[in-house]
Every structure is written in structure tokens, then in C-alpha cells.
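The values are calculated or read from the model by the stated rules, or taken from the named source; none is laboratory data. Note that the structure is predicted; figures quoted are calculated from it, not measured. Methodologically, a virtual Cβ is constructed for each residue, glycine included, from the backbone with ideal geometry; neighbour enumeration extends over all protein chains shown.
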Amino acid sequence: MSKGRHSANNSSNNSSHKFNILPVFIFLIIVIILLLLYHFRDSIYTFFNSQNSKNTSSKVENTIFSNEALNEVNIENLEVVEETTNTVENLEYLEIKNFQIDTSNPNQTKVSVFLDNTSEEDISDLHLTVTLLDENQSDIISFDTYVSKVLSNSTKKININSKENLTNAKHIKITKN
């Protein structure tokens, strides 16, 4: 008779092991999801930020320019930025080295900003507002962006995509939030 009880106890022990493994498995899946979210946080932040910027209105006409006009705009922007050193407002050691506007894709304008960290220390966890200005220093449009880290004595490229036509942008202003 003890064998029957023993085998009955074994079967209940096996089912309890199955129930003990399930919470551990669920916990591991949650941990993996959280790690993936942490790893891709910059991309997620940029994605949702670009969704918000699609809804913003700007003072720019929606016209399509040829590649020749694009090259002229990029050259003008490079010359303007190189004449003066622009620093990021509220952040002493981060300088705007350069910026470019690419309107070659009629459905999307790409703004590339090059930030130069002139300090001996890494700068991390930056919430920045990038504002494009026209030739009269009037705001055209602003974008909020997140930069996880800029290494010491190095340059970081930030890409911003917009559906707006930004060919009137001649200057840039960046502010740390």
C-alpha cells in the first residue's frame, strides 16, 4: 500500500514542478523584454519623437527642389556654421560643428547635426531641442531629440527626419532641456 501512496505522491510532485517552472519562465521573458527596451531606448525615443514632429506645423512652403538647389543650400549652411562657433545652450563643452539639410527625397527631409564634445569627459543622457532658423534668425521648426552619449573629444552625428520642407533653414540653435 505504501507503494501506491508513494506513486501518488510522485505524480503530485511532478505537477508541482511544472507549476514552479511557469513563474520562472514568465519572469525570464519579462526580464528579456525589459532588457530589449533598455537597449533600444534611443530608437524608441526617436521614433515617438518623430511621430510628434509630424504633427507640428511650420512656416515653410511644401515645394520640391532639385538636387542643384539642395547642393546650394548645403554649401550655404556649411559656410554659415563654420564662420561662428555655436555652442549648445546650457551646455558649455558641446559645440555645433556643422549641420546639413538633405531634401533629395521629396517625401522626407533629413537634417544631420554634428556635435563636438570638447571636454575631457563623456557627456551623456542629453535631452536637446534642435531649432532651425531662417536667415533672419526666426524659428522655422523645432525638434526634441535624445542623445545617449557623446564621448570625450569626439563628434556625434544626430539625424532628424521630417516631412517638412526645410530649405529656408540657414542657422541652427540647440538647447539642452
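Quick check: anything in region 127-136 touching a His at 6+ places or on another chain (Cβ under 7 Å) and exposed (fewer than 15 other Cβ atoms within 10 Å of the Cβ)?
Applying the first criterion (touching a His at 6+ places or on another chain (Cβ under 7 Å)) to region 127-136 yields 133.
Restricting the remaining residues to those that are exposed (fewer than 15 other Cβ atoms within 10 Å of the Cβ) gives none.
Taking every residue of region 127-136 in turn, none turns out to be touching a His at 6+ places or on another chain (Cβ under 7 Å) and exposed (fewer than 15 other Cβ atoms within 10 Å of the Cβ).
Looking at Glu92, Glu164, which one is exposed (fewer than 14 other Cβ atoms within 10 Å of the Cβ) and modelled with pLDDT under 90?
Working: Glu164 fails: exposed (fewer than 14 other Cβ atoms within 10 Å of the Cβ).
Just a single option satisfies the conditions, and that option is Glu92.
I need the full set of residues from region 132-144 which are outside any loop (DSSP other than H, G, I, E, B) and over 14 Å from Lys110 (Cα atoms), in order please.
Keep residues of region 132-144 that are outside any loop (DSSP other than H, G, I, E, B), which gives 132-133, 139-144.
Leu133, Asp139, Ile140, Asp144, listed by residue number.
Check whether at least one residue in region 100-110 is more than 15 Å from Asn161 (Cα to Cα), surrounded by 16 or more Cβ atoms within 10 Å (Cβ to Cβ) and of a type outside the set (Val, Ile, Thr), and report yes or no. Step through it out loud before you land on a result.
Of all residues in region 100-110, those more than 15 Å from Asn161 (Cα to Cα) come to none.
No.
Could you please tell me which pairs satisfy a Cβ distance under 6 Å, a separation of 6+ or placement on different chains, a first residue in region 87-105 that is farther than 22 Å from Ile123 by Cβ, and a second residue that is in a strand (DSSP E or B) and of a type in the set (A, V, I, L, M)?
Pairs that qualify, where the first residue is farther than 22 Å from Ile123 by Cβ and the partner is in a strand (DSSP E or B) and of a type in the set (A, V, I, L, M), are Ile101/Val111.
How many of the residues making up region 148-177 are without any contact (Cβ under 8 Å) to a residue 40 or more places away in the chain and either under 18 Å from the mean Cα position of the chain (by Cα) or part of a strand (DSSP E or B) (or both)?
First, the residues of region 148-177 that are without any contact (Cβ under 8 Å) to a residue 40 or more places away in the chain: 149, 151-154.
Remaining after also requiring either under 18 Å from the mean Cα position of the chain (by Cα) or part of a strand (DSSP E or B) (or both): 149, 151, 154.
Summing the residues that are without any contact (Cβ under 8 Å) to a residue 40 or more places away in the chain and either under 18 Å from the mean Cα position of the chain (by Cα) or part of a strand (DSSP E or B) (or both) in region 148-177 gives 3.
Quick one: Val147 ticks every box in (1) modelled with pLDDT of 85 or more; (2) more than 25 Å from His39 (Cβ to Cβ) except a single one, so which number is it?
Of (1) modelled with pLDDT of 85 or more; (2) more than 25 Å from His39 (Cβ to Cβ), only one is false for Val147: (2).
Considering each residue of region 31-57, count those that are modelled with pLDDT of 75 or more, assigned to a helix (DSSP H, G or I) and of a type outside the set (Val, Ile, Thr), and give that number. First the steps, then the outcome.
First pass over region 31-57, keeping only residues modelled with pLDDT of 75 or more: 31-44.
Adding the requirement that they be assigned to a helix (DSSP H, G or I) leaves 31-39, 41-44.
Okay, now just the ones that are also of a type outside the set (Val, Ile, Thr), so 34-39, 41-43.
Count: 9.
Looking at Lys149, Lys156, which one is within 19 Å of Arg41 (Cβ to Cβ), surrounded by fewer than 15 Cβ atoms within 10 Å (Cβ to Cβ) and among the charged types (D, E, K, R)? Before the answer, list the steps.
Details: Lys156 fails: surrounded by fewer than 15 Cβ atoms within 10 Å (Cβ to Cβ).
Criteria check complete, one pass: Lys149.
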